[in-house]
Amino acid sequence: MAEAVTIGIAALILLPLTISLLHRTARDYVSGVLLAQASTIVSGIRHEADGGWHIDLGAPLRPIYETRYDGRAFTLLDDAGRVVDTSPFASASSWRGAPRKEITTPFETDRFVGISMPLRIEKSMYWIVVTQDQDEPGAIVDDVSRSFLLRYLAVLLPLLLALPLLNSLAIRRFIIAITRASEHAAGIGPASLDVRLQESGLPSEVVPLVAATNTALARLQASFQRQAEFSGNIAHELRTPLATLRVELDRIEDRSMRDRMITLTDRLSHVLSQLRDLASLESFDDRDFEPFDCGALAIEVVAEMAPRIVATGRTIAFKGPPRRVERRGREQLIKLALVNLVDNAARHTPDATSIEVTLTETGMIIVEDDGPGIIVDDPHLLKRRFWRADHKRTDSAGIGLSIVQRIMDGHHGTLEIGPSQHGGARFALKF
């Protein structure tokens, strides 16, 4: 609506301006023609010895001023304004309003335009007045003007009507480019911070914003890298002192104190391992995904963890389809997620608990137990870093499930948490 109003106002302003400019140009053209002809007439004026006057128009001007058709006429006036000589069909109204000044002066009356040119003959001042009757057929400038305006309007009006369509097409192209850039930006996450928005094809007004966004992404990527490196370095640097401390604790003679200190040291070592794993997950994407056998991976995890779990008085088993079930992803990360789920089940259930790892036909990997189950109203809280349902426990820092959630996010999957059919907890990796 605003665009239509703007175009309408532009048309209303542009048309009068064009007409005014055209008329001014026409008048200047006529004045130039009359000025040239007045100069030619002046050069042909002769004052005879007997007091009479003779004006030689020459061959080019004679047909113009000796007929009525063209509407042009000339008159020679003396300093009193009396007619000294005139062309055959000049009327009094053509020269009556003519100015008599010391310089050549254009003028315009009701229907005449003309030139008044001074000249001095034998110490007396005279004026040659050349006029054009604009109502005569020979005055074709107005006809040309009218014809031009009609053609001008024939071009201008379709152009004005086409402007909204052209603007809409241009705006649509810009919107498509901006929408494409927005969708590209929406796809950038922690795993793809190296991706940058393309500036080509965008409106120049948006390019500075895109450049600033790319700069912010570069700073964010550097910050993530520094954070991951810091966490990894801390975990790495503390592992050796902890290992040494673990050996030294065996020398403590008080068994109760020794067991308590070893438990705390093992917990600290476990937390550091999780921090190291979490730091390595801050940046990965699906460009490195490859097919892997879900069944073989689950069997491998169960086999590796079974001795430790059985040693604590718990049991662990695997159940899956006989056929091969494949998924695409980073196999070592999926293994890390499953290890964390099994370890979580072992740490948060009492002795004699049964843990079961199940692979479904669709590729979902489920870890269930028959322990006390989940004790929080909102299971999603378990996925938050450093959040623990039971703050009295000392064997977890609330990192394990957040690692699993991060791995599944990177694989465009989900971590489902709920009660198991045996009354305990159920955790599922759903791709």
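The values are calculated or read from the model by the stated rules, or taken from the named source; none is laboratory data. All values reported here derive from a predicted model rather than from experimental measurement. Don't worry about glycine lacking a Cβ; one is built from the backbone with ideal geometry, like all the others, and counts go over all protein chains shown. Each accessible area value is taken on the protein alone, full model and side chains, heavy atoms only, with ligands, DNA and RNA left out. Shrake-Rupley method; radii C 1.70, N 1.55, O 1.52, S 1.80 Å.
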**Request:** Using the Karplus curve 6.51 cos²θ - 1.76 cosθ + 1.60 with θ = phi - 60°, work out ³J(HN,Hα) for each residue of the stretch 414-431 in order, rounded to whole Hz, and write x for Gly and Pro.
**Result:** 9, 10, 9, 10, x, x, 8, 6, 9, x, x, 9, 10, 10, 10, 9, 10, 8
**Item:** Largest to smallest accessible area among Ile417, Ile175, Ile309 [probe 1.4 Å]
**Value:** Ile175, Ile417, Ile309
**Efficiency of FRET from Cβ geometry, Arg27 and Leu160, R₀ 25 Å, rounded to 0.05** = 0.35
**Message:** Please state the shape class of the stretch 154-265: rounded when a/c is under 1.5, otherwise prolate if a/b exceeds b/c and oblate if not, all from the C-alpha gyration tensor.
**Reply:** prolate
**Most to least accessible of Phe224, Phe230, Phe289 (protein chains only, probe 1.4 Å)** = Phe230, Phe224, Phe289
**Request:** Using θ = phi - 60° and the Karplus relation 6.51 cos²θ - 1.76 cosθ + 1.60, list the HN-Hα couplings for the stretch 204-219 in order, rounded to whole Hz, with x at every Gly or Pro.
**Result:** 4, 5, 8, 4, x, 5, 5, 4, 5, 5, 5, 5, 5, 5, 5, 5
**Message:** Could you report the accessible area of His412 in Å², rounded to 10, computed with a 1.4 Å probe on the protein chains as they sit in the structure?
**Reply:** 140 Å²
**Ranked by how many other beta carbons lie within 10 Å on average, peptides 31-39, 19-27 from highest** = 31-39, 19-27
**Request:** Mind giving me the nanometre distance, one decimal, between the label points for Thr179 and Phe318, set 7 Å out from Cα along Cα→Cβ?
**Result:** 4.9 nm
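Starting from the Kirkwood Rh over alpha-carbon pairs, what translational D in µm² s⁻¹ does the stretch 30-72 have by Stokes-Einstein at 37 °C and 0.692 mPa s?
Values: Rh = 11.4 Å.
The calculation lands on 287 µm²/s.
For the stretch 64-126, state the average projected area of the convex hull of the C-alpha atoms over all orientations, rounded to one decimal in nm². Mind showing how you got there, number by number?
Values: hull surface 17.5 nm².
Mean projected area for the stretch 64-126: 4.4 nm², to one decimal.
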**Request:** For Ile316, list long-range residues whose amide hydrogen, built 1.01 Å from N in the peptide plane, is under 5 Å from its own amide hydrogen.
**Result:** Ile355
**Distant-in-sequence amide H partners of Arg327 (H built 1.01 Å from N, under 5 Å)** = Phe292, Cys294
**Request:** Using a 1.4 Å probe and ignoring any ligands, DNA or RNA, find the accessible area of Trp127 and quote it in Å² to the nearest 10.
**Result:** 20 Å²
**Message:** Please list, ordered by chain and number, the residues whose modelled amide H lies under 5 Å from the amide H of Ile55; skip anything fewer than 5 residues away on the same chain.
**Reply:** Arg46
**Message:** I'd like the accessible area for Val83: 1.4 Å probe, protein heavy atoms, all chains in place, Å² to the nearest 10.
**Reply:** 70 Å²
**Message:** For the pair Glu205/Arg82, report the inter-label distance in nm, with labels modelled 7 Å from Cα in the Cβ direction.
**Reply:** 7.5 nm
